[in-house]
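Reading through the structure tokens given below for one structure.
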Amino acid sequence: MAIYETEEEQVEALKRWWKENGRSTITGVIVGIVIIVGWNIWQNYKENQALQASALYAQLLNAQNEGNLESAEKIAERIQDQFGGTAYSDYAGLFDAKIRVQQGDLAAAQQSLEAVAKKGSDEIAQVARLGLIRILLAKGEYEQGLQMIAEAKYSEGFSGAYEELKGDLYVALDRLGEARTAYQAALRSGHKSPLLQFKLDDITEAEIIVNQ
């Protein structure tokens, strides 16, 4: 640290330092303030977006419960258009797919689920992928469904659901041995499905009849 003999030398040194560093110091302070203020504004904006999306999602649920599919569809589209950065957008996408299925429009349901599968959080994306496979099953695109399962990356918690769907696809292809193996794997995973044991028993009976 420099040692100054007089007060005048200290003042002159301070002036020189300020001349050399003052602008960057002020700029740094301003940038810091902008970052803090900007972050607070962004947080408030996100909270406001989430509140608005939440209110619309409640309207969506009410419309769905009342059986007003047309209103529910419009609300779901609005949530996805205006609040795409919130989780409610993904939930609305799943609801939109459900509504489309109820209307018999499997192609539109597939589009909604594909969008959620691409941008949703991992858990929601998995739910969307399972829905996509069910649509492929309903459309008779069994091999495509099996291919999608083979390519899927999922956590252990979803393995049972995937195995059950795999079994359904194998049954549709009349590949009962592979279907039984898939259903057994789903049971071992602890997957809770009211029809799973029934499906397995049904296959076992069918195999007994075939082998008689």
- line: Scanning segment 114-124 for residues that are touching a Ser or Thr at 6+ places or on another chain (Cβ under 9 Å) and either buried (at least 19 other Cβ atoms within 10 Å of the Cβ) or of a type in the set (S, T, N, Q) (or both) gives Val116, Gly120
- request: Test Ala152 against the stated conditions and say whether it is modelled with pLDDT of 90 or more and among the small types (Gly, Ala, Ser).
  value: no
query: When you go through Gly131, Gly160 one by one, which is the residue that is modelled with pLDDT of 90 or more and either among the aliphatic types (A, V, I, L, M) or in the same structural domain as Asp81 (by TED's automatic domain parsing) (or both)?
result: Gly131
- request: Scan segment 62-85 for residues that are surrounded by 19 or more Cβ atoms within 10 Å (Cβ to Cβ) and either in contact (Cβ under 8 Å) with a residue 40 or more places away in the chain or among the acidic types (Asp, Glu) (or both) and jot them down.
  value: Glu73
- request: Check Ala87 against each of (1) of a type in the set (A, V, I, L, M, F, W, C); (2) under 16 Å from Arg134 (Cα atoms); (3) under 10 Å from the mean Cα position of the chain (by Cα) and name the one condition it does not meet.
  value: (2)
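Looking only at helices (runs of 4 or more DSSP H) that lie completely in segment 125-212, which have at least 1 residues being within 21 Å of the chain's Cα centre (by Cα) and crowded, with 20+ Cβ neighbours inside 10 Å?
142-151, 159-172
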field: Sole exception among (1) outside the structural domain of Asp105 (by TED's automatic domain parsing); (2) polar (S, T, N, Q); (3) modelled with pLDDT under 90 for Thr181, by number
entry: (3)
- prompt: Any residue at all in segment 188-203 that is in contact with a Gly (Cβ under 8 Å, 6 or more places away or on another chain) and closer than 23 Å to Asp81 by Cα?
  reply: no
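The values are calculated or read from the model by the stated rules, or taken from the named source; none is laboratory data. The structure presented is a predicted model; accordingly, all values stated were derived computationally and were not measured. So basically every Cβ, Gly included, is an ideal-geometry build from the backbone, and we count neighbours across all protein chains shown.
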